[in-house]
Amino acid sequence: MAVIQLVRKSNGGRSTGSQSDLRVYATRETPSKRGAVRYSIGLRVSESTMKRLRWLVGDYVSADFDDEAKTWTVRRVADKKGNALSGQGKGGKSATVRFAVEQSQLAIFGLDVGEGYDSQLIDDDGDCAVFAAK
């Protein structure tokens, strides 16, 4: 069993409009002035899940992926070693966080650029939530 941990590398994110507890997706970032292409994994936490966990936009989180069980563990951290949850406009209460990865790592998470999947909340304790891929 391998658990892969994601920690702070970049900021940002955008919503995919899914109706699940957690939407996991992969994106390709536009090249910077240096011409470097970057890839990221985005995690979109639904409004109802944010309320249940009592999380707020601006909270810092880290994420662990268990490739055997196909579960994501998203943990709120106080030491800013994670990335901040960002809001999706004035009306939405969902939040998104993205983590930079290498393109070759996307397959480990069951993703390809532009793809995504939904996950269901299966366990939580307020600062830590476990989601199973559907």
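For the reader, a short list of remarks on this structure follows.
- Identity of the residue in segment 31-49, of a type in the set (A, V, I, L, M, F, W, C) and surrounded by fewer than 19 Cβ atoms within 10 Å (Cβ to Cβ), that ends up nearest to SER104 (Cα to Cα): VAL37
- Yes/no for ILE108 being more than 14 Å from LEU6 (Cβ to Cβ) and touching a residue at least 24 places away in the same chain (Cβ under 8 Å): no
- Within the span defined as segment 68-82, every residue fails to be among the acidic types (Asp, Glu) and either buried (at least 16 other Cβ atoms within 10 Å of the Cβ) or under 15 Å from ALA129 (Cα atoms) (or both).
- The condition of being free of Cβ contacts under 8 Å to residues at least 40 places away in the same chain and small (Gly, Ala, Ser) holds for ALA78.
- LEU111 vs. criteria surrounded by 18 or more Cβ atoms within 10 Å (Cβ to Cβ) and assigned to a loop (DSSP other than H, G, I, E, B): yes
Each value in this text was obtained by applying a stated rule to the coordinates, not by laboratory testing. Treat the numbers as computed from the prediction; the structure is a model and nothing was measured. Glycine also receives a Cβ, built like all others from the backbone with ideal geometry; neighbour counts cover every protein chain displayed.
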